[in-house]
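The values are calculated or read from the model by the stated rules, or taken from the named source; none is laboratory data. None of the values given here were measured: they were computed from a predicted structure. Heads up, the Cβs are rebuilt from the backbone with ideal geometry, glycines too, and the neighbour counts pull from every protein chain shown.
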Amino acid sequence: MPEVIFTCYATDSAIEYIDVTATIETISTADLFDLIDDSPELHQIAGRYSDTIFSHVFGTGSIHEWLDEFLENDETLAYLSDDPVTLNRLAGNSSTSVRLLVSGNPFTPRPAINRLCLDNDLKVAIESAKHLRVSYRGQLALIAKAADWSAEDREELVTAIAYNPRTLPVALSKAATFSGDASTRHVIEARLKARKLARLLH
């Protein structure tokens with residue numbers, strides 16, 4: 001998430017920067033949507049700087065209007081939402097940056113992640129392969145699609161799959177055939193051997 005910093009002009013023309021990124025990032029989605037009414041930090045900012053000054057800096061009537069717009073922004077929702085219906089909708093957004101944020105959101109539901117594995121944007125597709133909710137079918141479909149990719153892009157995909165702790169052996173084995181990196185193949189081989197040993201012990 002980008003930093004959220006208010007640039008405020010005091011009455012003596014001095015410039016003051018107030019970073020509220022931590023406030024926004026560390027609260028729950030439910031609390032975030034109550035931020036306008038319940039945040040003492042932002043009430044303090046709103047109290048110190050008049051709406052006229054705020055309008056000069058941000059182009060909106062008040063800090064409250066700015067927050068309303070901020071919370072309705074698709075990128076904000078894609079990054080912060082924990083609602084599967086919202087994230088499923090945003091997975092089909094026309095903006096690549098929104099879909100990329102959805103693919104990295106831990107609350108994105110599996111069907112949406114599997115669809116994003118086949119996204120036309122490689123960054124979105126590869127990010128989806130890292131997701132803990134991605135199915136092996138989604139990863140296998142992406143591996144098949146990656147046959148036409150450059151060697152560098154395929155290697156990035158293999159690394160994403162190899163280091164995803166939820167990747168199943170069938171996807172690991174298939175991904176290994178694409179890798180030209182000895183260390184990545186070693187990771188995959190070690191994980192496959194560990195899975196075999198775990199089955200023997202049970």
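Side notes on the structure shown:
- Top-ranked residue of region 162-171 - restricted to ones that are among the aliphatic types (A, V, I, L, M) and in contact with a Phe, Trp or Tyr (Cβ under 9 Å, 6 or more places away or on another chain), ranked as surrounded by the most Cβ atoms within 10 Å (Cβ to Cβ): A171
- Any chance T76 is in a helix (DSSP H, G or I) and either among the charged types (D, E, K, R) or modelled with pLDDT of 90 or more (or both): no
- Selection within region 186-198 - farther than 16 Å from N164 by Cβ and among the basic types (K, R): K193, K196
- Restricting region 115-133 to residues that are surrounded by fewer than 22 Cβ atoms within 10 Å (Cβ to Cβ) and closer than 14 Å to V158 by Cβ leaves a set whose member that is nearest to the chain's Cα centre (by Cα) is K130.
- Sole residue being farther than 17 Å from A162 by Cα, among the charged types (D, E, K, R) and either modelled with pLDDT under 95 or assigned by TED's automatic domain parsing to the domain that holds A162 (or both), chosen from R137, R89, R133: R89
- Selection count where residues are free of Cβ contacts under 8 Å to residues at least 24 places away in the same chain, among the small types (G, A, S) and within 20 Å of S128 (Cα to Cα), scope region 149-202: 3
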